[in-house]
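Undergrad: Dumping the structure here so I can ask a few things about it.
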Amino acid sequence: MKKLLIIFILLTNTAHAKKNERHYQTIHCNQLGGKTEVRLKDKTRIDCLTDRKAIEHDWAKKWAECVGQALYYGAMKEAIPVCALIGTDKEFEKYSERVNYLVEYWKLPIELIHIKK
């Protein structure tokens with residue numbers, strides 16, 4: 001009986017566990033027909049690579065990392081750099097403003113995508 005209770009608790013906790021970045025990355029990349037976790041010569045990995053786009057997925061609050069990595073991966077693969085922020089509408093409002101400011105100020109060729117959690 002004790003074993004059944006432990007299994008039940010584990011299954012219940014797993015079903016309601018927070019989804020990680022990879023969860024959203026995999027779903028989004030599959031929808032685009034891209035390849036996930038594409039490894040580069042320097043052992044860095046592109047979250048999602050399509051025929052034309054190098055996409056970095058990150059939590060909205062990590063917007064700066066997302067922008068930097070997207071630009072790097074885009075350059076390495078001669079692809080359009082895309083920053084896919086994962087979050088809520090409130091987070092998108094706050095952090096997208098920062099991304100858009102950088103894009104406009106520096107005239108960066110980066111696309112911004114929102115993925116709701």
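The values are calculated or read from the model by the stated rules, or taken from the named source; none is laboratory data. For clarity, every value in this text was computed on a predicted model and none was experimentally measured. For neighbour counting, all protein chains shown are included, and Cβ atoms are generated from backbone atoms with ideal geometry for every residue, glycine included. Please note that ligands, DNA and RNA were not included when accessible areas were found on the heavy atoms of the full protein model with its side chains. Shrake-Rupley method; radii C 1.70, N 1.55, O 1.52, S 1.80 Å.
Undergrad: What does the charge count around residue 59 come to, taking other residues whose C-beta lies under 10 Å from its C-beta (Lys +1, Arg +1, Asp -1, Glu -1)?
TA: Once positives and negatives cancel, what remains is -1.
Undergrad: Filter the cross-link list 62/117; 35/94; 41/107 down to pairs whose alpha-carbon distance in this structure exceeds 26 Å.
TA: Too far apart for the 26 Å limit: 35/94; 41/107.
Undergrad: Before rounding to the nearest 500, sum -39500 (n - 2.57) across all DSSP H runs of length at least 4 in the chain and divide by the residue total; then give [θ] at 222 nm in deg cm²/dmol.
TA: Computed mean residue ellipticity for the chain: -16500 deg cm²/dmol.
Undergrad: Can you give me the orientation-averaged projected area of the convex hull built on the Cα atoms of the chain, in nm²?
TA: Mean projected area for the chain: 9.1 nm², to one decimal.
Undergrad: Below 15 angstrom from the Cβ of residue 93, what's the summed charge of the other residues (Lys, Arg +1; Asp, Glu -1)?
TA: With Lys, Arg at +1 and Asp, Glu at -1, the neighbours total +3.
Undergrad: In addition: Of the options 30, 84, 109, report the single residue whose Cα projects farthest towards the positive end of the charge dipole of the chain (beta-carbon charges: Lys, Arg +1; Asp, Glu -1).
TA: It is 30, whose Cα lies furthest towards the positive end.
Undergrad: Here is a further query. Using 0.36 nm per residue of separation minus the Cα-Cα distance, give me the extension gain between residue 90 and residue 40 in nm, one decimal.
TA: So the extension gain works out to 14.6 nm.
Undergrad: Still on this structure, please answer the following. Given a 1.4 Å probe and the protein chains all in place, what does the accessible area of residue 103 round to, in Å² to the nearest 10?
TA: Ignoring ligands and nucleic acids, residue 103 comes out at about 30 Å².
Undergrad: Another question, then. Given R₀ = 30 Å, what would the calculated FRET efficiency be for residue 104 paired with residue 75, taking r from the Cβ atoms and rounding to 0.05?
TA: Given R0 = 30 Å and the Cβ-Cβ separation, E is 0.90.
Undergrad: Turning to a different aspect of this structure: What does the net charge come to around residue 73 if you take all other residues with beta carbon closer than 10 Å to its beta carbon, with K and R at +1 and D and E at -1?
TA: Local net charge: +1.
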